[in-house]
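Asker: What follows is a single structure, and I will ask about it in a moment.
The values are calculated or read from the model by the stated rules, or taken from the named source; none is laboratory data. Quick caveat: nothing in here was measured; it's all calculated off a predicted structure. Please note: Cβ atoms are built from the backbone with ideal geometry, for glycine as well, and neighbour counts cover all protein chains shown.
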Amino acid sequence: MLLFGSVERMIEHATEVLCERNVALAPQLAADDSSVDQTEVEIEEDCLKILALHQPYASDLRQVATVLKINSDLERIADLACNIADRGACVHQNKTFPIPDDLPEMIRIATQMVRMSLDSFVDLNGVQAKAVIEMDSSVDDLQLAVIDELLAMMKQDSALIEGALHCFSASRHIERIADHAVNIAEDTIYLVDGEIVRHQNGDI
């Protein structure tokens, strides 16, 4: 649970760097990431001890396997939050660079997906997990809109090209966070229902 809160806080701070120009938060994310990395290793070691010493099977084995996979997804989300903050700091070297209109909404939905996926795991709520998966297309659509706006910026003003490229990278990292939220939701469905829903193209 501590890891959940740390990762959500990192996403919030990365959002402030990118969308609210709070560049002073960027260095703090690196320290937070080190803490998340350490926690991830500790959780993995605990899971491996359970597998080695208790040899769980059936639902218990599914639970340990799910925790291992979600643990890895959370560590990657933390890395992506750091990347977003780094790109945001670069974007705002140009103090007049305009953040694309759809980017804050894209981040809001991706953040909501992470929160909902973690809640679904804690509550063993397969219905909520499936709702997370259905939200992913909204993030994808918003990313396309962000890319279109960034391309228009670059065509209109060459001074915005560098910032736009950094912003494009940030949007890609946000999209990946949503993908990891989907992974967590899919693993939760497997834990709850014993059903593997990966690679079903949204048909769940």
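Asker: Tell me, please, whether a residue that is in contact with a helix residue (DSSP H, G or I) (Cβ under 9 Å, 6 or more places away or on another chain), of a type in the set (S, T, N, Q) and closer than 22 Å to THR188 by Cα can be found in the stretch 18-29.
Answerer: No: zero hits.
Asker: Now, a different point. Is there any pair linking a residue in the stretch 193-204 that is at pLDDT below 75 to one that is assigned to a loop (DSSP other than H, G, I, E, B), with Cβ under 8 Å and at least six apart or on different chains, and which?
Answerer: Close Cβ pairs satisfying both conditions: ILE204/VAL197.
Asker: Here's something else I'd like to know. Do we have any residue at all in the stretch 167-187 that's outside any helix (DSSP H, G or I), in contact (Cβ under 8 Å) with a residue 24 or more places away in the chain, more than 21 Å from LEU144 (Cα to Cα) and under 21 Å from the mean Cα position of the chain (by Cα)?
Answerer: Within the stretch 167-187, none of the residues are outside any helix (DSSP H, G or I), in contact (Cβ under 8 Å) with a residue 24 or more places away in the chain, more than 21 Å from LEU144 (Cα to Cα) and under 21 Å from the mean Cα position of the chain (by Cα).
Asker: What are the residues in the stretch 1-25 that are over 17 Å from the mean Cα position of the chain (by Cα) and of a type in the set (Gly, Ala, Ser), if any?
Answerer: Step one: of the stretch 1-25, the residues over 17 Å from the mean Cα position of the chain (by Cα) are 20-25.
ALA24 - this is the single residue of the stretch 1-25 that is over 17 Å from the mean Cα position of the chain (by Cα) and of a type in the set (Gly, Ala, Ser).
Asker: While we're on this one: List the helices (runs of 4 or more DSSP H) that sit entirely inside the stretch 20-125 and contain at least 3 residues that are modelled with pLDDT under 95, on the phi > 0 side of the Ramachandran plot and of a type outside the set (A, V, I, L, M). Spell out how you get there, then give the answer.
Answerer: Working: elements: 26-54, 59-91, 103-123.
Output list is empty.
Asker: Would you be able to tell me the number of residues in the stretch 107-117 that are under 11 Å from the mean Cα position of the chain (by Cα) and over 20 Å from CYS19 (Cα atoms)?
Answerer: 1
Asker: So, in the stretch 26-50, how many residues would count as being more than 16 Å from the chain's Cα centre (by Cα), under 11 Å from ASN71 (Cβ atoms) and β-branched (Val, Ile, Thr)?
Answerer: Counting residues in the stretch 26-50 that are more than 16 Å from the chain's Cα centre (by Cα), under 11 Å from ASN71 (Cβ atoms) and β-branched (Val, Ile, Thr) gives 3.
Asker: Go through ALA181, ALA185, ALA170 for me and flag whichever is modelled with pLDDT of 95 or more, under 17 Å from ARG76 (Cα atoms), surrounded by 24 or more Cβ atoms within 10 Å (Cβ to Cβ) and touching a Lys or Arg at 6+ places or on another chain (Cβ under 6 Å).
Answerer: ALA170
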